[in-house]
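Written below as C-alpha cells is the structure these notes are about.
The values are calculated or read from the model by the stated rules, or taken from the named source; none is laboratory data. This structure is a prediction, so every number in the text was calculated from the model and none was measured. No Cβ is skipped: glycine too gets one built from the backbone with ideal geometry, and neighbour counts run over all protein chains shown. All accessible areas refer to the heavy atoms of the entire protein, side chains included, with ligands and DNA or RNA removed. Shrake-Rupley method; radii C 1.70, N 1.55, O 1.52, S 1.80 Å.
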Amino acid sequence: MALLYGSTKVEMKENVLIIKRRYFQDSITAIFNKSDKEIKYNGQVIKAFDYKIITRPSRFLKPTRSQKIEK
Amino acid sequence: MKNIIKFLIVLLLFSCQNKKKMVDNQQIELSKGLNTPVYMNRDTTKIILSDYILYPEKIDSFVRSKHYKLLWKKGKDTLQILPKQDFKPVENLRIFAQNHFVDVPLYRSTKTKVVFRYTGTKAKKVRFKSQITGWQNADMQQDSLGWYYKTNLDPGNYQYLFVVDGKEILDPANPKKVSNGMGGFNSLYQIYMNLEKTPLLQTDTYQDKAFEVTASKDFDKVLVYFQNRLMDEKNVQVNGRKIHVKIPQNLTGETYIRLYAYNKFGRTNDVLVPVIDGRVVANANALPRNDFHKQIMYFLMVDRFKNGDLANDKPIKSDSVLPKVNFKGGDIQGIVQAVDQGYFKDLGINTLWLSPILKNPDKAYGHWQKPPTKFSGYHGYWPVSNIKIDTRFGNAKSLKELTQKAHQQNTNIILDYVANHVHKDHPLYKQHPDWFTSLYLPDGTMNTEKWDSHRLTTWFDTFLPTIDFSKHDVVEKMTDSAMFWLKNFDIDGFRHDATKHIQLDYWRTLTHKIKTQINRPVYQIGETYGSPQLIRSYINSGMLNGQFNFNLYDAAVAVFAKKDEPLSRLSDALQEALFFYGQHNLMGNISGNQDRVRFISYASGDVKFNEDGKQAGWDRKIVVSDTTAYHKLEELQAFNMMIPGVPCIYYGDEYGMPGANDPDNRRMMQFDGLNIHEKYLKQQVKKLIALRKTRWRCFMAVPK
C-alpha cells in the first residue's frame, strides 16, 4: 500500500537518490546509488551504480531515527 | 462604470455560511469522482464549474470567503475567483445546488516573476526559446540593460536557449545546463520548492473507525475532505502536529478521505486514504480492480504482440511496403491467448493498454527514403472508421471475450483512441470536409507537423486530416463515437492519442458524458509532449485522470542510460512531478513507447543519443551489445515502481527487447527463447511489480 497510496519524500545526497514512501505501517525506501563508491544505508550495502529497495514496518523508519548515508 | 457596478452587484453572491439546515445526508449526485484542486493564478482565475459539478445549471450559490471574491452569473458554467492578499495556501470553494453542496480545494498560486536577461555580445535581434514557449521563438523586450524576457513561473526546472541573430546559444550568464537528449545542451533555470519549510504529512496509525496523520513540522490549518465535502470539525481533531480523523459512519463501497494542510510557507503534500465499507484500506488486495491507483499498466501493440488467428492475417500485398512496416498478424485473439496462458497474471500486470484497433486503410501511405518504403496502418493510428474494429485485429466478439477474460483475472482493458485525425479515406472526411482544419495556412504554406506553433490545427501528414474541434457540433458527434466503445464494450478506459492537439471542449464533453452515462469507473490518460503546465492543463476532475509524464521519462532515460548524467536531474524532475501533479497522481510513468528508441538500446550504446533513431533502425541491426544495459533497464523499472503514478511497461521492456526508433521499436513480441540476461530481467521486473502490489511486513531487500 505504501507504493500505491503512501506519502513520498525525495532526498538527494552526493549522487544518491533516496525515495521514501509511507502508508501507515508500510514503509518502503528505494536507494539509487550513482556514485562510483559503495555506500551504506541503515546497515544495508548498496554497490556503486546500483539500487536497493528496503521495506520494513514503519516503527523502524520513524523520522526521528538518524538515517545518514555512510560513505 | 454604472453598468459595471450593476453587473458586479448582480454577480456577487450572497453568503450561505449558515446553510447547515439545507444540507442533509441524502445522497445526491452533484459530482462524480474526486474534485481535483484548482491551481489558482496570482490574479483572477476562471474555472469551468462543470469540472466540479455535474449540472452547473442547478447551482444556487457559493459560500462567500473573506479571502477571495467570486464573480458568477446564475446558469453560467464559468466562475471567476479573485484572490485577496490574505489568500491562504489552501482555501475551499463551496458550491450549493438544490440544497446540497460540494467542496473544491483551491491552491494559492506559487508563481513568481522571473526575468531571463541576455548578457552576451551585442546583437541585432535576440529571441527566447524554451519549454515555456513550447520551444517556439518568442520575442524579447529591450531596455537600457539589453534584451529580456519576463514571465511568471511555478517552481520547477526550465530549459531554455537564446536565439541571437538566428543562432541558438546557451545563456552566457548561467552556468547550469542540461543535456537535450540529442547530443547538445540547454540552459537550465530552476525554481526550488519550499520543501524545507513546509511540513510533510504522513499517515501514522489507524483503528476501525479513525486514523491519525502526523505532520513533520508545525502547520496552521488542515482541510480534511470526505469525498467532495469538507468534513465536520467534530470529526477532525488537531493536537499539535497530530491530526485525528474520525471516519463517517454507515458507509458502503469505496470512498476517500483527503487531507491538505499549510503553514505560512506554503501547502503540504496531499494525503489520500481509501476507505472501504467505512474502514481504512490497509491491504492492496482489498482494493477493487478499477481502483486506478493500483494499476500496473502494459502497453502492447496489437499487430506485434501475438498472432492468435491466422485466418485474419491480411498484410498489404505490395513490393513498396517493407515487412518491417507491414501487418505481421498480431490480433486480439492473440492477447486472449496470452491472458488464458496467464502471461499478464504471472507478471503482475493488471491493466492492458491496446494500441488502436479501429479499422485502418487497406493501402500503404507515407514515404521513407532510405530504404524506400511506404507504410501500412499496422499500428492502428490511421482510422478509416471510429466505430469499426479492423478485421486484421479482430472483431466485436473477440474484444468482448478479451474484456471478459481479463476482468476475470482482475485486469482492466483500456483502448487507445484516436480522435485528433482520421485517414483521408474515412467517410467522414468525404461527407463533411468542413469538419476538418485546412491543410494550408493563410500564407499558403502547408500546415503539417507544426506541433506547437499550430497545435490545434496542424496535420500529422498530408493524408491524415485533422478534425476541427473548435466546432461544438463536431465535438458532440466525435465524443459520441468515443462513447460507443464504452457503451458497447465493458472496457475500463482510454489512452487518448495526441491530446494537446484537441480542444479542451472535446475532453470536457467526453468526460461529462462518461460521468453521466456510464455507471462504472473509467480511466482516461492522455498523450502530451510539453511543459508540465501544458500537460496539467488537461488534468482535472472534468477532463483526464492523468497524462504520460514524458518529462520525467526523459530525465530517467538520461540518468539511467548515461554514466555521467547526475542523479540530481532525476530527483529534480521527480520533485517537479510531485509538485505539479500531486502525490497521488495518476500520471503514466513509462518504460518506453511506440515513438521512442527502446531504453535498453540507448543504455547499451547501440543507439546514440545524437543520431537519428529512426534511421538507425533501418541502417543496422540493433542488438544489446553491452549486457550491463539490462541492469540499467531494471533500475528504470524499479524507479517507476517506486514513485506515485501508474507504472507502464511497453511490451518487451519486461525482458529487454532492443530497438531503435519507429518502426524498429515495434518488433514482434518474444515469449520464448529468452537469453539468460532477458530471463533475469523479467524475473526482477516481476518481483518489482509484486513489491508494488503487495504489502511486505518483514524487512526485505529486493534480491540482487
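What to note about this one:
- Residue that is farthest from B:A498 (Cα to Cα), among those in the stretch B:594-623 that are open to solvent by less than 30 Å² (accessible area, probe 1.4 Å) and among the β-branched types (V, I, T): B:I622
- Restricting the stretch B:101-118 to residues that are in contact with an Asp or Glu (Cβ under 8 Å, 6 or more places away or on another chain) and open to solvent by less than 20 Å² (accessible area, probe 1.4 Å), the residue that is farthest from B:T151 (Cα to Cα): B:P105
- Boolean, B:A123 is away from chain A (no Cβ under 14 Å) and assigned to a loop (DSSP other than H, G, I, E, B): yes
- Number of positions in the stretch B:181-215 that are on the phi < 0 side of the Ramachandran plot and outside any strand (DSSP E or B): 14
- Residues of the stretch B:90-100 classified as more than 14 Å from B:L49 (Cα to Cα) and either open to solvent by 50 Å² or more (accessible area, probe 1.4 Å) or assigned to a loop (DSSP other than H, G, I, E, B) (or both), total: 2
- Residue ID - farthest from the other protein chains (Cβ to nearest Cβ), chosen from residues in the stretch A:1-56 that are part of a loop (DSSP other than H, G, I, E, B) and among the aromatic types (F, W, Y): A:F49
- Condition check for A:K71: modelled with pLDDT of 90 or more and more than 10 Å from every other protein chain (Cβ to nearest Cβ): no
- Condition check for B:T457: in contact with a strand residue (DSSP E or B) (Cβ under 7 Å, 6 or more places away or on another chain), open to solvent by less than 30 Å² (accessible area, probe 1.4 Å) and assigned to a loop (DSSP other than H, G, I, E, B): no
- With respect to the stated conditions, B:V275 is under 30 Å from the mean Cα position of the chain (by Cα), of a type in the set (V, I, T), within 14 Å of chain A (Cβ to nearest Cβ) and buried (at least 16 other Cβ atoms within 10 Å of the Cβ).
- Residue match in the stretch B:106-113 (condition: touching a residue at least 12 places away in the same chain (Cβ under 8 Å), farther than 30 Å from B:Y529 by Cβ and not in a strand (DSSP E or B)): no
- Total residues in the stretch B:433-444, condition assigned to a loop (DSSP other than H, G, I, E, B) and open to solvent by 60 Å² or more (accessible area, probe 1.4 Å): 3
- All positions within the stretch B:364-390 that are of a type in the set (K, R) and more than 20 Å from B:D331 (Cβ to Cβ): B:K370, B:K374
- Enumeration of residues in the stretch B:191-208 that are more than 13 Å from chain A (Cβ to nearest Cβ) and either under 20 Å from B:L106 (Cα atoms) or surrounded by fewer than 15 Cβ atoms within 10 Å (Cβ to Cβ) (or both): B:N194, B:K197, B:D208
- All of B:Y343, B:Y378 fail the test of being under 30 Å from the mean Cα position of the chain (by Cα) and open to solvent by 20 Å² or more (accessible area, probe 1.4 Å), apart from B:Y343.
- The set of residues in the stretch B:134-152 that are part of a strand (DSSP E or B) and surrounded by fewer than 19 Cβ atoms within 10 Å (Cβ to Cβ) comprises B:N137, B:A138, B:D139, B:Q141, B:Q142, B:D143, B:G146, B:Y148, B:K150, B:T151, B:N152.
- Test: B:Y529 is open to solvent by less than 10 Å² (accessible area, probe 1.4 Å) and either more than 11 Å from chain A (Cβ to nearest Cβ) or within 25 Å of B:N41 (Cβ to Cβ) (or both): no
- Helices (runs of 4 or more DSSP H) fully within the stretch B:544-654 that include at least 2 residues being more than 10 Å from chain A (Cβ to nearest Cβ) and within 30 Å of A:R22 (Cβ to Cβ): B:550-561, B:567-581, B:628-642.
- If you go through the stretch B:544-556 and keep only what is open to solvent by less than 10 Å² (accessible area, probe 1.4 Å), in contact (Cβ under 8 Å) with a residue 24 or more places away in the chain and more than 15 Å from B:P644 (Cα to Cα), you end up with just B:L544.
- Among residues of the stretch A:27-60, those that are at pLDDT below 90 and buried (at least 21 other Cβ atoms within 10 Å of the Cβ), counted: 1
- The set of residues from the stretch B:59-89 being loosely packed, with under 15 Cβ neighbours inside 10 Å and either among the β-branched types (V, I, T) or over 25 Å from B:G266 (Cβ atoms) (or both) comprises B:K73, B:K74, B:G75, B:K76, B:T78.
- Looking only at the stretch B:169-187, and only at residues there that are more than 27 Å from B:N661 (Cα to Cα) and of a type outside the set (S, T, N, Q), the one that is surrounded by the fewest Cβ atoms within 10 Å (Cβ to Cβ): B:P175
- Selection within the stretch B:44-55 - open to solvent by less than 20 Å² (accessible area, probe 1.4 Å) and either of a type in the set (S, T, N, Q) or free of Cβ contacts under 8 Å to residues at least 24 places away in the same chain (or both): B:T45
- The numbered conditions (1) away from chain A (no Cβ under 11 Å); (2) of a type in the set (D, E); (3) part of a strand (DSSP E or B) are all true for B:D218 except (3).
- First in the stretch B:481-492 and closer than 12 Å to B:D416 by Cα and open to solvent by less than 20 Å² (accessible area, probe 1.4 Å), second anywhere and modelled with pLDDT under 95 and aromatic (F, W, Y), Cβ under 8 Å, 6 or more apart: none
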